[in-house]
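Each value in this text was obtained by applying a stated rule to the coordinates, not by laboratory testing. If you're wondering where the values come from, they're calculated on a predicted model, not measured in any experiment.
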Amino acid sequence: MAIAQLLTFPIDSAIILQNIYRLRNRMELVKISPKYQIVIPKNVRTALRLKPGQKIQVIAFGDRIELVPERKIGEMRGFLRGINTDFEREGERL
């Protein structure tokens with residue numbers, strides 16, 4: 001799943017992951033309007049902290065559509081904190 005989730009405020013990754021887990025276990029049904037528009041359900045907007053006017057990336061992935069909220073690069077700071085970096089790196093290829 002691509003969530004890049006990717007807001008205009010600091011990201012608390014633990015809260016977002018908890019909300020994603022809750023949302024994964026509960027699908028919402030939306031209807032496409034004649035103008036190909038959809039309404040994002042309120043509980044999804046709240047869980048992902050979506051705001052009016054916020055940009056969302058639309059990705060066709062296999063037989064489904066993924067909507068990924070665009071985030072500012074500064075909000076992504078620290079999201080990899082705690083990642084395991086103990087691995088052997090490749091040598092130079094020159």
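Observations, loosely collected:
- Partners of residue 51 within straight-line reach, counting aspartates and glutamates whose Cα lies under 14 Å from its Cα and excluding those fewer than 8 residues away in the same chain: 70.
- For a straight C-alpha distance cut-off of 13 angstrom, the aspartates and glutamates reachable from residue 42 (same-chain residues fewer than eight places away being disregarded) are 28.
- Hydrodynamic radius by Kirkwood, which averages 1/r over all alpha carbon pairs of the range 50-94, in angstrom: 14.6
- For residue 72, the aspartates and glutamates whose Cα falls under 17 Å of its own Cα, not counting residues fewer than eight places away in the same chain, are 12.
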